[in-house]
1. All but one of (1) at pLDDT below 50; (2) open to solvent by 90 Å² or more (accessible area, probe 1.4 Å); (3) not small (Gly, Ala, Ser) hold for residue 19, so report the exception by its number.
2. Scan the stretch 140-193 for residues that are part of a strand (DSSP E or B) and either at positive phi or not acidic (Asp, Glu) (or both) and report the count.
3. Being open to solvent by 60 Å² or more (accessible area, probe 1.4 Å), at pLDDT 95 or above, of a type in the set (Lys, Arg) and under 35 Å from the mean Cα position of the chain (by Cα): is that true of residue 138 here?
4. Residues to consider are 302, 333, 329; find the one that is open to solvent by 70 Å² or more (accessible area, probe 1.4 Å) and of a type in the set (Gly, Ala, Ser).
5. Looking at the stretch 111-125, is at least one residue part of a loop (DSSP other than H, G, I, E, B) and open to solvent by less than 40 Å² (accessible area, probe 1.4 Å)?
6. Within the stretch 87-110, restricting attention to residues that are more than 15 Å from residue 126 (Cα to Cα), of a type in the set (Asp, Glu) and in a helix (DSSP H, G or I), which residue is least open to solvent (accessible area, probe 1.4 Å)?
7. Among the residues that make up the stretch 261-280, is at least one of them among the basic types (Lys, Arg) and under 27 Å from residue 317 (Cα atoms)?
8. In this structure, is residue 192 open to solvent by less than 30 Å² (accessible area, probe 1.4 Å) and out of contact with any Gly (no Cβ under 7 Å at 6 or more places or on another chain)?
Amino acid sequence: MRPSAPAALGPLLLLGLLLLPGEATQKPTPCQGCRELVDKFNQGMVDTAKKNFGGGNTAWEEKSLSKYEFSEVRLLEIVEGLCGSSDFECNRLVEEHEELLEAWWLRLKKEHPDLFEWFCVKTLKVCCSPGTYGPDCRACQGGAARPCSGNGRCSGDGSREGDGTCQCHPGYRGALCTDCVDGYFSALRNATHSVCTACNESCKTCSGPTNRDCAQCEVGWAEEDGACVDVDECAAETPPCGPQQYCENVGGSFNCEECDPTCVGCTGKGPGRCKECIPGYTKESGQCADVDECARPEKACARTGENCYNTPGSYVCVCPEGFEETEDACVPAQPAGGEVTEEDAVRPPTREDL
């Protein structure tokens, strides 16, 4: 039905040889490949439904559409759109089983409307029906209708692999995932259903949803008046954090956060929670602020003619451009090839000089 394309196989084979070892190991299982092909086929049927119709002549369209709906023309359109040029596995499956897909489309679709069940499970026998597993498609633990009591996943479910054991969802344990792990309590338990719900965060084990239903308190919580309450580690006699940190209590634990850079010790976040200020800063309106040494009545710079520039936490003393430092003063420099002008003498230093 579809012409073979031997010329295209060369590049595809080359691509397969060039795959890295790690990529080669990610080849889909036979069931995964078959399931993906069926999904694409089903999407192709959706994409081609009522294609090229909508001209307004309803009677003609219904008659023509009924012919197109089950035609080889539509099948060819679906098959041609199944695989990308670089999808080697998909192209291989189509090449090997195109006659089966054609037989299902033209003769068997009404009798077997589920393409996955007919093609992957019963014909190719690479998959199993949902709720079954392994070479013989045996029912999963707990039965095919509700594997693992609906609280877990059956190993190999829907494939010819696995051993049928239950891999329980969070909160559940046991062969059929009907029991609750620590930190969960049984909210519902009957012959057909088991529901486990998370305990209150303060409980390690519990019988209900509140902090008064704890059988045992979680670490960081303590029993008080019949309930598990948070322990304030930050209020301990010996502080749990370092000298340049402050303690922040959280449910069941605590965090040590760094003090503001302007602080020497602190009780909380920001320059307003400093115990003391680092040198170059002083308390103003309750928080550590930079001291402007250059604005003080007493001169910060000792040399005559030296300019003072304030910096965060400190200051710098710099001679004006065109002057050079001596032990006691800034004196005019004598640059090669010229004399110091009055403009050079008063020009402030550039930011790079600081």
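The values are calculated or read from the model by the stated rules, or taken from the named source; none is laboratory data. Predicted model only: the values in this text are computed from it and were never measured. Please note: Cβ atoms are built from the backbone with ideal geometry, for glycine as well, and neighbour counts cover all protein chains shown. To get the accessible areas, we keep the full protein, side chains included, count just its heavy atoms, and leave off ligands, DNA and RNA. Shrake-Rupley method; radii C 1.70, N 1.55, O 1.52, S 1.80 Å.
1. The one condition residue 19 does not meet is (2).
2. Step one: filter the stretch 140-193 for residues part of a strand (DSSP E or B), giving 152-154, 159, 166-168, 172-173, 179-180, 184-189.
Now narrow it down to the ones that are either at positive phi or not acidic (Asp, Glu) (or both): 152-154, 159, 166-168, 172-173, 180, 184-189.
Of the residues in the stretch 140-193, 16 are part of a strand (DSSP E or B) and either at positive phi or not acidic (Asp, Glu) (or both).
3. Numbers: open to solvent by 60 Å² or more (accessible area, probe 1.4 Å): yes; at pLDDT 95 or above: yes; of a type in the set (Lys, Arg): yes; under 35 Å from the mean Cα position of the chain (by Cα): no.
The answer is no for residue 138.
4. Details: 333 fails: open to solvent by 70 Å² or more (accessible area, probe 1.4 Å); 329 fails: open to solvent by 70 Å² or more (accessible area, probe 1.4 Å).
Residue meeting the stated conditions: 302.
5. To start, the set of residues in the stretch 111-125 that are part of a loop (DSSP other than H, G, I, E, B) comprises 111-114, 124-125.
From what's left, open to solvent by less than 40 Å² (accessible area, probe 1.4 Å): none.
No: zero hits.
6. Residue satisfying both the conditions and the ranking: 98.
7. Taking the stretch 261-280 first, the residues among the basic types (Lys, Arg) are 269, 273, 275.
If we keep only those that are under 27 Å from residue 317 (Cα atoms) as well, we get none.
Checked against the condition, which is being among the basic types (Lys, Arg) and under 27 Å from residue 317 (Cα atoms), the stretch 261-280 yields no hits at all.
8. Values: open to solvent by less than 30 Å² (accessible area, probe 1.4 Å): no; out of contact with any Gly (no Cβ under 7 Å at 6 or more places or on another chain): yes.
Against the criterion (open to solvent by less than 30 Å² (accessible area, probe 1.4 Å) and out of contact with any Gly (no Cβ under 7 Å at 6 or more places or on another chain)), residue 192 does not qualify.
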